[in-house]
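Following: one structure in structure tokens, then a few remarks.
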Amino acid sequence: MNERKIGLEQHLDHILKGDEVVWKNYKRHLAYVYTSLNKYRNSYTNIEEGDSYIRLQPLSDDCNLNKFYFLFEIGDFFPQIRWRNLIKKSLTLTPVLLHRRACFLPVYSFSFDRFLTLVYWGEKQFLFDPEQLKKFDIKSFLFMVSHPSSTFISAANFTWLKSIEKMWHNSKSILELCKSYIFNALYPPDLLNKFDPWHEAPFILVNDRSLEIFTIHKTICCLDLYSARESKIKHFLKLKGYILDNKLNVKKVYCSIPKEYFSLLKKSSITEVIVVKYMKVYDEESSRKSIFEIFLYPFESSFLFSSETPELLITTTSIVLRHLYLNSSDPLKLQVTPEETRHKILSIFHYPPFNKYEWNTLISRLFQYIKGMAFILQTLSVYHATKDELFYFHPSIIEILSILYEDFDELLNMKMEDLRHLLTQLLKVFTYIKYHQEKIYKFNQVMDLREIIKNIFGFYVTSDTVRRFILSLIMTWENIIPISKILFQPKPLQSYEYRLEVKS
């Protein structure tokens, strides 16, 4: 085991002991993840654990899983907020207790449909100029790792990449694809457990004597503008807000908002917001209390999608769809009908404070009927509806699809509507494989599947490619997607007696 990886998480564990509540939450999180992942120990996935860490990795390079990552600047999607403004008081090149300098970067994993903290040592190749890193002046780009089987994912939300095979910069189609998945992955905050961020895909900065932990969310809220007061934080106001949380309940919180947005909110106190939960924890020797803050940044989804988009409604629809997907036992299907989903979305607007929402646009009025729902699903791009079923195009499907394409550029540079059509057709292939799974590797089934792929894509692939494709798909719905859902779920209230031990 790489001592550097162990050292980083041991260092994190040491700092967390400076706050007993935070440290115990981390230990409970590790125990919950360990217990939940036990049934996924198989030939597809390696899981390793110690007293301060749990890590997992897919064991095959042939499946193209754990291969695509998107390093993202949040400001490329929400211009009012940039990473360097969030972390301007922190060093990004931080000497941790490993006698090496590490940089921590925000990435999105296609396989795990999740934001991760990339631990970048700069050993084999440079992602950025060192001066850019010091200023945290980053640009979004997609990259592909050389050996997915050597890439670890940590329960502490770190990932380590050995080397990068290819990068795609300045591609509009890729940015459009990643925008859809990042918007979908942003989810309302857990407002009950402020010192327990581990299931919320935290971005973590590790310093010598402290940790800074950020979780990024999207939701809708109603702000009490009359409660606004000067904040201790410069250029911010403190006020009371009613926020839709991760359980789709409304919670009252006190939060900080940049002063420049306050005048804009006077038009309507109900708004879409990016929520940033910030926590700073110090080690025991520092004798300092942990810091916790909630920051709100209002945004308009019409800038992300189109001027015709009913702003509050598309964000709420995205939240409800994500909620239904994460709580579905099926890898791709949401296990509710489009009509049931529409009623669940509308129910949020039946009660205070969101019953003040004005249904004054054509699309929002159309949402009273199923056609309005269909329009919003098409705008979100990552969901597909039939008359009675809803499916999520999990981003790992893009990785699976790349097996059939020798030229990655052809796949990744497709227009979003063309890729969406391809993914819709691919659902037929998934259905065929699931139906014939017990005998799918037999000659007749492989030949039939070659013909199905030829009819959809317009080209033949080899039998070996078909077998790789099948293995990747089975590994995804039996391991990768269930594990990704486990990492998103807050641990139950029950206690875990199991104590993690370091393996010799």
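Just so it is clear, none of the values below were taken in a lab; they were calculated from the coordinates. Computed from a predicted structure; not experimentally measured. Every residue, glycine as well, gets a Cβ built from its backbone with ideal geometry; the counts of neighbours run over all protein chains shown.
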By Cβ neighbour count within 10 Å, fewest first, HIS29, HIS343 rank HIS343, HIS29
Taking the chain and counting helices only, DSSP H stretches of n ≥ 4 at -39,500 (n - 2.57) each over all residues, the nearest-500 ellipticity at 222 nm comes to -10000 deg cm²/dmol
For HIS343 and MET167, extending 7 Å from Cα along the Cα-Cβ vector and measuring point to point gives, in nm, a value of 5.1 nm
Quick calc: nm separation of the 7 Å Cα→Cβ label points for ALA374 and ASN413 -> 3.4 nm
Within the under-10-Å Cβ sphere about ILE220, not counting ILE220, Lys/Arg +1 and Asp/Glu -1 give a net charge of -1
Treating only Lys and Arg (+1) and Asp and Glu (-1) as charged, each at its beta carbon, one finds that the range 3-171 has a dipole about its Cα centre, in Debye to the nearest 20, of 300 debye
In debye to the nearest 20, the charge dipole size for the range 388-477, taken about the Cα centre with +1 at each Lys and Arg Cβ and -1 at each Asp and Glu Cβ, equals 360 debye
Check: in the range 246-336 the Lys pairs 8 or more apart or on separate chains whose Cα atoms fall under 19 Å apart number 7
Two pseudo-spin positions, 7 Å from Cα along C-beta at GLU131 and at LYS234, lie apart in nanometres by 2.5 nm
The lysines whose Cα lies under 22 Å from the Cα of LYS166, excluding any fewer than 8 residues away in the same chain, are LYS67, LYS124, LYS139, LYS179, LYS415
Computed for the range 323-457: size of charge dipole around the Cα centre, +1 on C-beta of each Lys and Arg, -1 on C-beta of each Asp and Glu, debye to nearest 20, value 480 debye
The distance between the Cα centres of the range 250-304 and the range 381-454, in whole Å, is 40 Å
Compactness check, the chain: C-alpha Rg relative to the 2.2 N^0.38 Å globular estimate gives 0.97
Of the residues ILE257, ALA201, SER286, the Cα lying farthest along the dipole of the range 198-303 towards its positive end, which is defined by charges on the beta carbon of Lys, Arg, Asp and Glu, belongs to ILE257
Gyration tensor on Cα atoms of the range 3-171, a ≥ b ≥ c root eigenvalues, a/c under 1.5 rounded, else prolate if a/b beats b/c, else oblate, says oblate
Within the chain, the percent of DSSP beta bridges that are antiparallel, given to the nearest 5, stands at 95 percent
